[in-house]
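Note sheet for the following structure.
The values are calculated or read from the model by the stated rules, or taken from the named source; none is laboratory data. Being a predicted model, the structure only gives us computed values, none of them experimental. Cβ placement follows ideal geometry from the backbone for every residue including glycine, while neighbour counts extend to all protein chains displayed. Ligands, DNA and RNA are excluded from the accessible area calculation, which covers all protein heavy atoms including side chains. Shrake-Rupley method; radii C 1.70, N 1.55, O 1.52, S 1.80 Å.
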Amino acid sequence: MVYKTPPKGFAPVFSVSTCYVEYDGSFVVLFRQDHAPQGNTWALPGGKVEAGETPREGMAREIWETGLRVVSDELVEGVVDYVTYPDFDFSCHFFHLPLTVRPDIMLCSNEHKDFKWVTREEALGLPLIPGFEIHLRGQQLP
């Protein structure tokens with residue numbers, strides 16, 4: 001389940017940062033390798049926040065892994081979702097990176113096998129990582 005405020009008993013074991021990398025009304029989604037957790041699903045660029053990082057620093061690091069050279073100050077902070085799975089909880093920090101030039105995207109081949117620039121409506125037609133559809137349907141871009 002995805003919540004906008006921490007539900008009773010929420011005990012996150014990690015945090016994730018994710019980002020709408022936006023250009024001209026569309027944003028990037030990445031197709032996860034089949035061997036990855038929640039494999040063969042589409043998700044925003046992002047990943048776990050490492051020990052000693054803030055969610056913003058973690059997002060900047062993850063964005064660099066797609067070939068985009070940004071500094072953390074360029075990221076617009078958005079909402080936080082609180083996600084509960086049967087075996088664990090985590091917080092998901094959303095960011096927005098509006099771009100004026102469409103960049104080349106590089107894939108980390110051990111994590112992702114494809115990428116697309118999509119609109120919200122196009123994204124909703126893809127097999128999405130659990131919880132992402134709820135986020136897309138429930139609010140505007142950060």
Short version: ³J(HN,Hα) in whole Hz for each residue of the range 5-17, in order, from phi by Karplus 6.51 cos²θ - 1.76 cosθ + 1.60 (θ = phi - 60°), x for Gly and Pro, what are they? 10, x, x, 4, x, 4, 9, x, 9, 6, 10, 10, 10
Long-range amide H partners of residue 16, meaning residues 5 or more apart or on another chain whose placed amide H is closer than 5 Å, are 49, 91, 92, 93
Show me the trypsin sites (Lys or Arg not before Pro) within the range 38-127 that DSSP assigns to loop and that have at most 16 other Cβ atoms within 10 Å of their Cβ. 69
Taking percent of Cα pairs over 22 Å apart straight from the coordinates, which label in (i) 46; (ii) 41; (iii) 34 is the correct one? (iii)
Counting other Cβ atoms within 10 Å, which chymotrypsin sites (Phe, Trp or Tyr not before Pro) in the range 56-122 have at most 15 and lie in a DSSP loop? 88
By how many nm would the segment from residue 100 to residue 88 lengthen if fully extended, with 0.36 nm per residue of separation less the alpha-carbon distance? 0.5 nm
What accessible area, in Å² to the nearest ten, does a 1.4 Å probe give for residue 44? 10 Å²
Rounded to the nearest 5, what % of the DSSP beta bridges within the chain are antiparallel ones? 65 percent
What length, rounded to one decimal in nm, is gained on full extension from residue 35 through to residue 61, with 0.36 nm per residue of separation minus their alpha-carbon distance? 7.1 nm
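Kindly report the accessible area of the chain per residue (heavy atoms of protein chains, probe 1.4 Å, no ligands, DNA or RNA), in Å². All intermediate terms of the calculation are to be shown ahead of the outcome.
Values: 7660 Å² over 142 residues.
Here the per-residue accessible area is 54 Å².
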Could you tell me what fraction of 2.2 N^0.38 Å the Cα radius of gyration of the range 39-91 comes to, as a two-decimal ratio? 1.26
So what is the 222 nm mean residue ellipticity for the chain from helices alone, if each DSSP H run of at least 4 adds -39500 (n - 2.57) and you divide by all residues, rounding to the nearest 500 deg cm²/dmol? -4000 deg cm²/dmol
HN-Hα J couplings of the range 40-49 from phi, Karplus 6.51/-1.76/1.60, θ = phi - 60°, integer Hz, Gly and Pro as x? 6, 10, 9, 8, 5, x, x, x, 5, 7
